[in-house]
């Protein structure tokens, strides 16, 4: 389990500048009046960690003017993950983050100097692509010992990102605190579904859920591999049936024995033939006989070479059939996704996420009308056009393979025609030879030699067919073994999935009980009319007084105490979780809550003062909107004459 800490924040552009003090305390309070830059500081931290901030975009309707108009501006965070330090820098709205590990050099006078490990500097993308599949999110999750898991939801497939999990670490200034999770960067039916919110909670609080979701992904991958393996097996099986004809199927061991027996017979036939080749010259036409025999030998060698090439062609044909089978499976999978997509129509960027009606959406605009930059954020969905484009690509590949296969079949026919022609030439030469031999007196039986030649040719053809059939049968046997191995892997994967599921459910059930107990205590101490508070074991949402309590201002406590409970749970030695001991709380003064109720709610942070484990709470709040006992933890005081961003020059 890793812990995250923000040590300092730097913003710099051509026109504006800000450098925070070093946040050495576990509790860091930033106080200031509205408009002084409290929320801007939180958004700079979120942006530096890979988040998308709408106010920083030039296309946004509500822009942060100083940052949007600034040039060459960036945010740099000094962070710690466990005991390791890193400087991470991101240009505003850039798709890459530069990170450099560092160490601290201590001196006798107590001063410390940061020593950058520049040879270990990495530049990582925020959004994933085929060219750059490893992202900043993957890196920071790896450092926090949180698995990067794949999820499937309907036709959508995606990876959980750090920004998804950060929705329960970043208590943003939501106008509706009844909404516990920070809203996703791109809201749609998938990204803010109950399933996604449950996964976020389970990955952060559960001990075994990373293993469980990894097991699900592995099981799905093996299921796909099994379908593909079965399809390839059937293709080869069809080829084997075609080659066998009416013969009974035999395994590769028996086929090799047949080839060995034929080779032994061929060797004996060659010896017999050599013994018969002792002619006695009795006429002038003997030279003609030798010439025909040489020509006959050339044709027989050519026949053997062509049969070998034909065998190679059979193998290439089998390879193309296998490749076509794999591509067919891929085409069918994409087609199924498109069918599901077109039937449900849930994941289109041109569909209203509330009523699911079709929206005539202008390019580079959201369904709500707000301008967006579609290429600069990672989506949870693909449009039907993109699915169809993918299908076209797969279909084009399938077509190209099919054309190559047809060409292969044409070459096969051409070779077969060539073999027939060579065979015809051999028969003609044999006929000519027979006529010439009438005038040549041999000591041997010519009829016996011809019978031997016929038998040799017959055995060679049989061996060529047996060799090809052996290759196919060997492939079938290997495919069968592979299929059985995959089936075994799938059974094991299902057992592991079930085992991790039971372990995860048992763990999360205990965590929900403990969470509800801590949450109940927090709520009772901050909400006078709260008799009971707990979370729903199904979706982990708060339940206050069995859903009877309706006061709007209570929503502030309900959300803030939820986040504090997450942190409190993660710091308990007997409650193992992946939550990284970090909270970023931005001005919880919303929903019309009175100051007299807000300060005691913020005062619950005091309960963390005696914690022995390392943690960090960064809280922004109004001037004096916190208990006096926390005054020593105010690190930044913003005022109208001392705002966050300072004008250069």
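The values are calculated or read from the model by the stated rules, or taken from the named source; none is laboratory data. Bear in mind the structure is a predicted one, so any value in this text is a computation, not a measurement. With ideal geometry, Cβ positions are generated from the backbone for all residues, glycine too; neighbour counts draw on all protein chains shown.
Criterion applied to 267, 322 was being under 24 Å from residue 230 (Cα atoms), at pLDDT 80 or above, in a helix (DSSP H, G or I) and assigned by TED's automatic domain parsing to the domain that holds residue 393, and the one residue passing it is 322. Scanning region 526-539 for any residue that is closer than 23 Å to residue 615 by Cα, over 39 Å from the mean Cα position of the chain (by Cα) and at pLDDT below 95 turns up at least one such residue. Looking only at residues in region 138-186 that are at pLDDT 90 or above and part of a strand (DSSP E or B), the one that is farthest from residue 558 (Cα to Cα) is 170. Taking the conditions exactly as written (more than 28 Å from residue 8 (Cβ to Cβ), more than 40 Å from the chain's Cα centre (by Cα), crowded, with 18+ Cβ neighbours inside 10 Å and in the same structural domain as residue 627 (by TED's automatic domain parsing)), does residue 602 satisfy them or not? Spelling it out, it is not the case that residue 602 is more than 28 Å from residue 8 (Cβ to Cβ), more than 40 Å from the chain's Cα centre (by Cα), crowded, with 18+ Cβ neighbours inside 10 Å and in the same structural domain as residue 627 (by TED's automatic domain parsing).
Table: residues versus (1) crowded, with 19+ Cβ neighbours inside 10 Å; (2) free of Cβ contacts under 8 Å to residues at least 60 places away in the same chain; (3) out of contact with any helix residue (DSSP H, G or I) (no Cβ under 7 Å at 6 or more places or on another chain).
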| site | (1), (2), (3) |
| --- | --- |
| 180 | yes, no, no |
| 187 | no, no, yes |
| 193 | no, yes, yes |
| 198 | no, no, yes |
| 204 | yes, no, no |
| 208 | yes, no, no |
| 214 | no, no, yes |
| 221 | no, yes, yes |
| 226 | no, no, no |
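Residues in region 53-72 that are part of a loop (DSSP other than H, G, I, E, B) and in contact with a helix residue (DSSP H, G or I) (Cβ under 8 Å, 6 or more places away or on another chain) were compared, and the one that is nearest to residue 584 (Cα to Cα) is 53. Hey, any hits in region 87-101 for a residue that's in contact with a strand residue (DSSP E or B) (Cβ under 6 Å, 6 or more places away or on another chain), part of a helix (DSSP H, G or I), within 24 Å of residue 578 (Cα to Cα) and touching a residue at least 24 places away in the same chain (Cβ under 8 Å)? No, because not a single residue in region 87-101 is in contact with a strand residue (DSSP E or B) (Cβ under 6 Å, 6 or more places away or on another chain), part of a helix (DSSP H, G or I), within 24 Å of residue 578 (Cα to Cα) and touching a residue at least 24 places away in the same chain (Cβ under 8 Å).
As a summary of the residue check, residue 44 satisfies the conditions (1) within 18 Å of residue 126 (Cβ to Cβ); (2) modelled with pLDDT of 95 or more; (3) part of a loop (DSSP other than H, G, I, E, B) except for the one numbered (3). Note on region 61-81: residues that are touching a residue at least 40 places away in the same chain (Cβ under 8 Å) and surrounded by fewer than 16 Cβ atoms within 10 Å (Cβ to Cβ) total 4.
Each row is one residue, and each column tells you yes or no for (1) under 15 Å from residue 635 (Cα atoms); (2) surrounded by fewer than 17 Cβ atoms within 10 Å (Cβ to Cβ); (3) out of contact with any helix residue (DSSP H, G or I) (no Cβ under 7 Å at 6 or more places or on another chain); (4) not assigned by TED's automatic domain parsing to the domain that holds residue 91.
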{"position": "8", "(1), (2), (3), (4)": "yes, yes, yes, no"}
{"position": "11", "(1), (2), (3), (4)": "no, no, no, no"}
{"position": "14", "(1), (2), (3), (4)": "no, yes, yes, no"}
{"position": "19", "(1), (2), (3), (4)": "yes, yes, yes, no"}
{"position": "23", "(1), (2), (3), (4)": "yes, no, yes, no"}
{"position": "29", "(1), (2), (3), (4)": "yes, no, no, no"}
{"position": "34", "(1), (2), (3), (4)": "no, yes, yes, no"}
{"position": "40", "(1), (2), (3), (4)": "no, no, yes, no"}
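What do you reckon, is residue 113 more than 28 Å from the chain's Cα centre (by Cα), part of a strand (DSSP E or B), in the same structural domain as residue 140 (by TED's automatic domain parsing) and free of Cβ contacts under 8 Å to residues at least 24 places away in the same chain?
The answer is yes for residue 113.
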